[in-house]
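**Student:** Below you will find the structure I want to go over with you.
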Amino acid sequence: MKTLRTLMTSFTLAVALAGLGSAPAMAGDTTAAAQLQRWSAEAGAPGNAAKGQTLFTTKQGGEWSCASCHGQPPTQPGKHASTGKAIDPLAPAFNARAFTDAARADKWFRRNCKDVLSRECTAAEKADVLAYLINLK
Ligand code: HEC
């Protein structure tokens, strides 16, 4: 009886570990278009690409604009303004991974908006920026 339970436990563990191991290789859980819809719905208005471009390229009182790290236009690899580290292109047409992981997009929006605007971006601002980025072809 005890052996069977031990066996079952290691089996469960192996399955759990296998699942964990494959997680980072998995494709994202969403698409750029779906996230644009999500933020537009939250904002109650469709994203506005022109406003998004202005937000993206303009400093908002701080040292950096979004373009300081992501480049302008963000169709090529960017370069972190303080560390110099390369950043994959932000425009979805030039980076298949961009905006395909909801948690990842949320995390970076939170962090980068705090760096640039000293606050989080609103849903409307996220929809605007993504509308701009999706339009880059
Ligand atoms: C100080 C440098 C810096 C600034 C300024 C910056 N970003 Fe970023 N951003 C990064 C880095 C680094 C990443 C992660 C890129 C990677 O892992 O390849 C990132 C990733 C992102 C992502 C995640 C994209 C995805 O893969 O889904 C979004 C969205 C984003 N930035 C939006 C913005 C916006 C909007 C602004 C302006 C308000 C901004 N960023 C300003 C450095 C910056």
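Readers should treat all values here as calculations from the given coordinates under stated rules, not as data from a laboratory. Bear in mind that the values here come from a model prediction, so they are computed numbers and not experimental data. No Cβ is skipped: glycine too gets one built from the backbone with ideal geometry, and neighbour counts run over all protein chains shown.
**Student:** For the peptides 85-91, 60-66, what is the packing order when you average, over each peptide's residues, the other Cβ atoms within 10 Å and list the highest mean first?
**Tutor:** Those peptides, ordered most packed to least, come out 85-91, 60-66.
**Student:** Among the lysines, which fall within straight-line cross-link reach of LYS59, defined as a Cα-Cα distance under 25 Å, with same-chain neighbours fewer than 8 residues apart omitted?
**Tutor:** Excluding near neighbours in sequence, the set is LYS51, LYS79, LYS85, LYS107, LYS114, LYS126, LYS137.
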